[in-house]
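Some notes on the structure that comes next.
The values are calculated or read from the model by the stated rules, or taken from the named source; none is laboratory data. None of these values were measured; they are calculated from a predicted model. Here the Cβ is made from the backbone with ideal geometry for all residues, glycine too, and neighbour counts use every protein chain on show.
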Amino acid sequence: MAVSLRESVQLVSDPRNLDASVEEVFQLMLGVTCRRDSGPVLHELESVTAVVGFGGLLSGACVFRSGSSAAIKIAALMTGMEFDEIDDTVKDAIGEIGNMLAGAWKGKVPNLAANCGLSVPAVITGRDYNLHVQAPEFQLHHAYRFA
Amino acid sequence: MSEIRTLIVDDSSVMRKIVERALRQAGLTLMVVHEAGSGTEGLDLLRAKQVDLILSDINMPSMDGLEFLRQIRAQNLAPGVPVVMITTESSEEHVKQAILAGAQGYIRKPFTAEQVKERVLPLLNAA
């Protein structure tokens with residue numbers, strides 16, 4: 001069955017797709033449960049952000065932002081190593097999480113999976129920065145908590 | 001299963017470690033694990049080392065996994081050695097491209113050790 005671009009966008013912008021992708025990546029790669037959280041977001045001064053661009057049928061970006069302590073915990077769960085600070089391995093781990101989230105998310109809609117490419121992840125670290133994605137078709141902004 | 005020599009190609013050092021761990025969890029005895037951060041590095045390693053199994057990411061800077069695979073075949077490096085692609089790209093079109101380029105297996109990220117076992121062991125047994 002052919003699916004139009006408009007229908008594809010509606011399917012992929014379904015918030016449940018994003019939640020399912022996050023749960024899948026965290027469960028399979030980290031062995032933890034990660035659920036959407038509507039409570040207050042803890043803002044740490046330092047954070048790590050992975051940006052994976054979409055190109056082709058869909059233009060935009062998947063942005064995964066984590067406070068530094070959560071980023072260190074994610075990297076530790078992925079690698080079995082211990083980290084005291086945001087080093088290159090932690091950045092690499094967050095970039096890969098962003099990459100897998102973007103892939104899992106677009107993979108929920110077959111038309112997009114085949115016709116939308118992913119960039120290699122870019123990782124940003126530091127304090128007090130903002131990301132701006134120009135004129136997005138749609139925007140989903142969810143907070144999650146893992147345990 | 002005898003000891004095997006593996007080449008893991010991924011621009012992420014974390015993913016290379018995760019793939020290695022998944023292979024060990026799948027019950028493989030890894031005698032040597034070579035790591036490459038790009039297709040170009042992977043080709044250089046294959047010119048110098050013998051391996052029994054190659055696992056490669058697709059989405060990499062400089063030389064992607066599909067071009068790496070095509071170059072392996074074009075340069076007749078590692079003849080008869082199974083190549084498994086490990087990637088976030090999961091569409092039928094991507095799988096088809098990988099198979100056409102010469103891959104014997106395809107694993108989608110995120111993955112479990114069980115999935116790695118299911119895809120890799122039959123290839124090693126057949127080799």
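Quick rundown of the values:
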| read-out | value |
| --- | --- |
| When residues of segment A:72-87 are limited to those that are in a helix (DSSP H, G or I), surrounded by 17 or more Cβ atoms within 10 Å (Cβ to Cβ) and hydrophobic (A, V, I, L, M, F, W, C), the one farthest from the other protein chains (Cβ to nearest Cβ) | A:ILE72 |
| Test: residue in segment B:38-48 that is more than 13 Å from the chain's Cα centre (by Cα), charged (D, E, K, R) and either under 15 Å from B:VAL83 (Cβ atoms) or modelled with pLDDT under 95 (or both) | no |
| Counted residues, segment A:109-133 - those being modelled with pLDDT under 90, surrounded by fewer than 22 Cβ atoms within 10 Å (Cβ to Cβ), facing chain B (nearest Cβ under 10 Å) and not in a helix (DSSP H, G or I) | 1 |
| Filter result for A:ALA102 (under 16 Å from the mean Cα position of the chain (by Cα), more than 9 Å from chain B (Cβ to nearest Cβ) and at pLDDT 85 or above) | no |
| Selection from segment B:1-53 of residues that are assigned to a loop (DSSP other than H, G, I, E, B) and not small (Gly, Ala, Ser) | B:MET1, B:GLU3, B:ASP10, B:ASP11, B:LEU28, B:THR29, B:LYS49, B:GLN50, B:VAL51, B:ASP52 |
| Among residues of segment B:18-31, those that are within 16 Å of A:LEU28 (Cβ to Cβ) and within 14 Å of chain A (Cβ to nearest Cβ), counted | 5 |
| Exclusive hit being away from chain B (no Cβ under 11 Å), surrounded by 14 or more Cβ atoms within 10 Å (Cβ to Cβ), closer than 20 Å to B:MET15 by Cβ and in contact (Cβ under 8 Å) with a residue 40 or more places away in the chain, set A:VAL51, A:VAL25, A:VAL90 | A:VAL51 |
| Pick from segment B:81-127, criterion among the hydrophobic types (A, V, I, L, M, F, W, C), within 14 Å of another protein chain (Cβ to nearest Cβ) and in contact with a Leu (Cβ under 7 Å, 6 or more places away or on another chain), ranking: farthest from A:GLU96 (Cα to Cα) | B:ALA98 |
